[in-house]
Amino acid sequence: MSESSPSRNLIGGRLALDFANELSSSSEFSWEELLRFLLATRIISSERSAQLLALPQNDPRSAGTLLGKAQRLHASLHLTFRALLGKETLLRDWVEPINEVLRVTEGHDEILPQNGKWGLEFVAREGGLDWLLAAIARSAAELIAEGASARLGVCSNPDCGLFFYDTSRTRRRRWCSMSRCGNRHKVRAFSRRHSAGRR
Ligand SMILES: [Zn+2]
């Protein structure tokens, strides 16, 4: 598995949104797919990824437990983000997989430089495997805690459904990205107008 392996879009703008976007929406992703995501988002190094790739053979139980937690976390994020977008009430059961990861992960917050600014970052203690999911769970918890004011959005293309964090000034971002869905929509709208004009 190399750094250049399959192009990841990572358009979410928040780790939890990228996690929801990048892995199969059925939450039935494999151990390899999980590692690919953790590598693409630099949660693990390529050395660590190579070590972890062998875990299902060396320690199937630990690998299975972590994969199960990651899949439950993923399903939980889809449920909660859709509910937030629909302004529905969140059920306690839905967020439980997030709390499950937060609860068992030991670590602390640190003020660290982030892109020229200072930000609060969770630094997990590297014991066990739960820390691999800690930053994702933490990112999800922050989005949910933002609640109604969250800048959570979903792509307007019904065939797409990617989540994003809307940092636009007007908060009216419609597309996951212009190149992926926005331009395609523009071209379709243009050709519709064009053919209507000719008729
Ligand atoms: Zn899209």
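Inspect all residues belonging to region 23-31 and state whether any of them is surrounded by 16 or more Cβ atoms within 10 Å (Cβ to Cβ), closer than 25 Å to S156 by Cβ, touching a residue at least 24 places away in the same chain (Cβ under 8 Å) and among the small types (G, A, S). Walk me through how you get there before you give the answer.
Residues of region 23-31 surrounded by 16 or more Cβ atoms within 10 Å (Cβ to Cβ): 23, 27, 29, 31.
Subset that is closer than 25 Å to S156 by Cβ: 23, 27.
Still in the list and also touching a residue at least 24 places away in the same chain (Cβ under 8 Å): 23, 27.
With among the small types (G, A, S) added as a condition, the list becomes 27.
Yes, region 23-31 has at least one match.
Yes/no matrix, rows are residues, columns are (1) of a type in the set (G, A, S); (2) within 29 Å of the chain's Cα centre (by Cα); (3) at pLDDT 90 or above:
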| position | (1), (2), (3) |
| --- | --- |
| C160 | no, yes, yes |
| R169 | no, yes, no |
| C181 | no, yes, yes |
| K186 | no, yes, no |
| H194 | no, no, no |
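Suppose we keep only residues that are among the hydrophobic types (A, V, I, L, M, F, W, C) and open to solvent by 30 Å² or more (accessible area, probe 1.4 Å) within region 161-185. Which one would you say is farthest from the ligand (Cβ to nearest atom)?
Let us first name the residues in region 161-185 that are among the hydrophobic types (A, V, I, L, M, F, W, C), namely 162-164, 175-176, 178, 181.
Still in the list and also open to solvent by 30 Å² or more (accessible area, probe 1.4 Å): 175, 178.
Numbers: W175: 5, M178: 10 Å.
Top of the filtered list is M178.
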* To do: Go over the candidates L152, L120, L143 one by one and state the one that is touching a residue at least 60 places away in the same chain (Cβ under 8 Å), more than 16 Å from the ligand (Cβ to nearest atom) and at negative phi.
  => L143
* To do: Considering only region 119-157, state which residues are in a strand (DSSP E or B) and at pLDDT below 90.
  => G119, L120, E121, F122, V123, A124
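Matching residues to (1) aromatic (F, W, Y); (2) farther than 22 Å from L152 by Cβ; (3) surrounded by fewer than 17 Cβ atoms within 10 Å (Cβ to Cβ):
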residue: L84; (1), (2), (3): no, no, no
residue: T105; (1), (2), (3): no, yes, no
residue: H108; (1), (2), (3): no, yes, yes
residue: D130; (1), (2), (3): no, yes, no
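Listed residues A50, A63, A70; which is at pLDDT 90 or above, out of contact with any Asp or Glu (no Cβ under 8 Å at 6 or more places or on another chain) and under 20 Å from N99 (Cβ atoms)?
Values: A50 fails: under 20 Å from N99 (Cβ atoms); A63 fails: under 20 Å from N99 (Cβ atoms).
One residue alone meets the criteria, A70.
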* Structure fact -> region 27-85: helices (runs of 4 or more DSSP H) wholly inside it with 1 or more residues that are of a type in the set (D, E, K, R) are 31-40, 46-53, 60-85
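The values are calculated or read from the model by the stated rules, or taken from the named source; none is laboratory data. Because the structure is a prediction, the values reported are computed rather than measured. Every residue, glycine among them, receives a Cβ derived from its backbone with ideal geometry; neighbour counts consider all protein chains shown. Protein only, heavy atoms only, side chains kept; ligands, DNA and RNA dropped before computing areas. Shrake-Rupley method; radii C 1.70, N 1.55, O 1.52, S 1.80 Å.
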